[in-house]
Amino acid sequence: MTNKNVLIIGCGISGFGAAKLSAHMSNKTFVTSIEEIDTYKQKVLSDLDIDFEDGIHSNLNLSIFDFIIKSPGVPGDIPLLINARELSIPVISEIEFASRFTSAKIIAITGTNGKTTTSKLTYHILKSAGLKVDLVGNIGKSFSESILRDKYDYFVLELSSFQLDDIKTFRPFISVILNISKDHLNRYENNFQKYIEAKLKIKMNQSHEDIFIYFNKDHHIKNSINDVKPITYEFGDSLMQNQYGGFLKRNTIFIKTIKTNFTMTIHNLALQGTHNFYNSMAASIAATSIGIKDHVIKKSLSNFQGLEHRLEFVAKVCGVDFINDSKATNCNSVYYALETINSPIIWICGGIDKGNDYSQLKKLVESKVKTIIFLGKDSSKIQSNFKTVVEDIFVTDSMKKDVEHSFSIADSGDKVLLSPACASFDLFKNYEERGDVFKSCVLEI
């Protein structure tokens, strides 16, 4: 992986970090990006003697490259990659590339939902224990750049299916799969099984010396792990007798691992809601597996600060709570949000549909949602799925109108929930901008 000719496709957080690490390892590096590369990045690349192009993937002579690093946002079926595979040029992810330049222990966490929360919570526990650890990956921080910046003993990696698609030898010491539900199917030929297989790659190189943690209520995971080699811990509502892992019983989480046993009442957890009890179990099992003491884990679980844009309380206005759940870009995330709230809900949703199956939300929507406000261009799926269970469905074209209308129809005690179930790219740059605009509109009231 040194003194090679390397092509990097994409120059976002992952691609830019990989380019810097590649140059540091004395590789002759070329970056191609279909998006415009900003002036700051252009200067850094030039200073590192990295050639680049932007706005196009030109007709490159691929035969000169020893391998290609593909950024996670780049689809695998672009002509450049099709040609590369025909020429048998290895294509790897930034995660795969970076992992070859560190001896740190890796805790890798994936799942359709909850991976950011669980990754941050695991990082918080390790940091509180005084370990030298960094949090990287899908969280918005390049693994490659972190390796360049400092020497860590542990990495907590939040991993999307896109980052796992192109791993080859990547081997975490601890791997965690929280859940698998339909998402991003547009990148997997609308084939759910291919998406499942991408998630399961997180454990494919683990040995009997490593640790695998998974949610035992998810049959997509449970039915696919017959070949498990590593030490395995389950978490869920119950465990079989003499089995290790975590479970929830009588408002208490129980953690049973090879190294320790401890309990904690859910009322002492910083993160509330059933899904967060599971996230707390997964993080606890990972932490106990590397020898962190019970009292450190318990304290960390009780003082952890929640995530921005994930069931984030914004304000109470005239008795009406406004909640920002902009990070909920699929139905499973929305399910958790609706399940957690026990007041009448005015639900703001909409955006770019990623192949959602809204049927899983129908019972919760019928029992909890009094009004749906759809923000976006095509409300037909929402209308067809919920018009028989929610009488009032409104369609708007701006967040300001959403917030103003929700406030005008809300009663004291109601909760206005932004939980879109969709990507944001029709009206916003990303879910963060969508959430920030929502909060700004609420605070204007």
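The values are calculated or read from the model by the stated rules, or taken from the named source; none is laboratory data. Since the model is a prediction, treat every value here as computed from it, not as a measurement. Counting neighbours? That spans all protein chains shown, and the Cβs are built from the backbone with ideal geometry, glycine included.
Key figures for this structure:
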| item | result |
| --- | --- |
| Any chance Lys362 is farther than 30 Å from His124 by Cβ, in a loop (DSSP other than H, G, I, E, B) and among the basic types (Lys, Arg) | no |
| One residue from Asn216, Asn223 being of a type outside the set (Asp, Glu) and either out of contact with any Phe, Trp or Tyr (no Cβ under 9 Å at 6 or more places or on another chain) or surrounded by fewer than 17 Cβ atoms within 10 Å (Cβ to Cβ) (or both) | Asn223 |
| Test set (1) surrounded by 21 or more Cβ atoms within 10 Å (Cβ to Cβ); (2) touching a helix residue (DSSP H, G or I) at 6+ places or on another chain (Cβ under 6 Å); (3) closer than 21 Å to Ile180 by Cα; (4) among the hydrophobic types (A, V, I, L, M, F, W, C) - Leu248 fails condition number | (1) |
| Residues of the stretch 116-133 classified as buried (at least 24 other Cβ atoms within 10 Å of the Cβ), modelled with pLDDT of 95 or more and not aliphatic (A, V, I, L, M), total | 4 |
| Qualifying residue in the stretch 161-173 (condition: in a loop (DSSP other than H, G, I, E, B) and farther than 21 Å from Ile225 by Cα) | no |
| Of the criteria (1) touching a strand residue (DSSP E or B) at 6+ places or on another chain (Cβ under 8 Å); (2) in contact (Cβ under 8 Å) with a residue 60 or more places away in the chain, which one Met281 fails | (2) |
| One residue from Asp227, Asp218 being among the acidic types (Asp, Glu) and modelled with pLDDT of 90 or more | Asp218 |
| Subset of the stretch 136-160 (residues that are among the basic types (Lys, Arg) and part of a helix (DSSP H, G or I)) | Arg149 |
| The stretch 396-425, subset modelled with pLDDT under 95 and part of a strand (DSSP E or B), residue nearest to Cys441 (Cα to Cα) | Thr396 |
| Count - residues of the stretch 1-38 that are of a type in the set (Lys, Arg) and surrounded by 15 or more Cβ atoms within 10 Å (Cβ to Cβ) | 2 |
| Count of residues meeting criterion [buried (at least 24 other Cβ atoms within 10 Å of the Cβ) and part of a loop (DSSP other than H, G, I, E, B)] in the stretch 86-111 | 1 |
| Which numbered condition Leu60 misses (of (1) of a type outside the set (D, E, K, R); (2) at pLDDT 95 or above; (3) more than 24 Å from Lys201 (Cβ to Cβ); (4) touching a Phe, Trp or Tyr at 6+ places or on another chain (Cβ under 8 Å)) | (2) |
| Number of positions in the stretch 57-71 that are among the small types (Gly, Ala, Ser), surrounded by 17 or more Cβ atoms within 10 Å (Cβ to Cβ) and not in a loop (DSSP other than H, G, I, E, B) | 0 |
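Results for (1) at pLDDT 90 or above; (2) within 26 Å of the chain's Cα centre (by Cα); (3) small (Gly, Ala, Ser), shown as yes or no for each residue.
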site	(1), (2), (3)
Asn332	no, yes, no
Ala337	yes, yes, yes
Asn356	no, yes, no
Ser367	yes, no, yes
Gln383	yes, no, no
Val389	yes, no, no
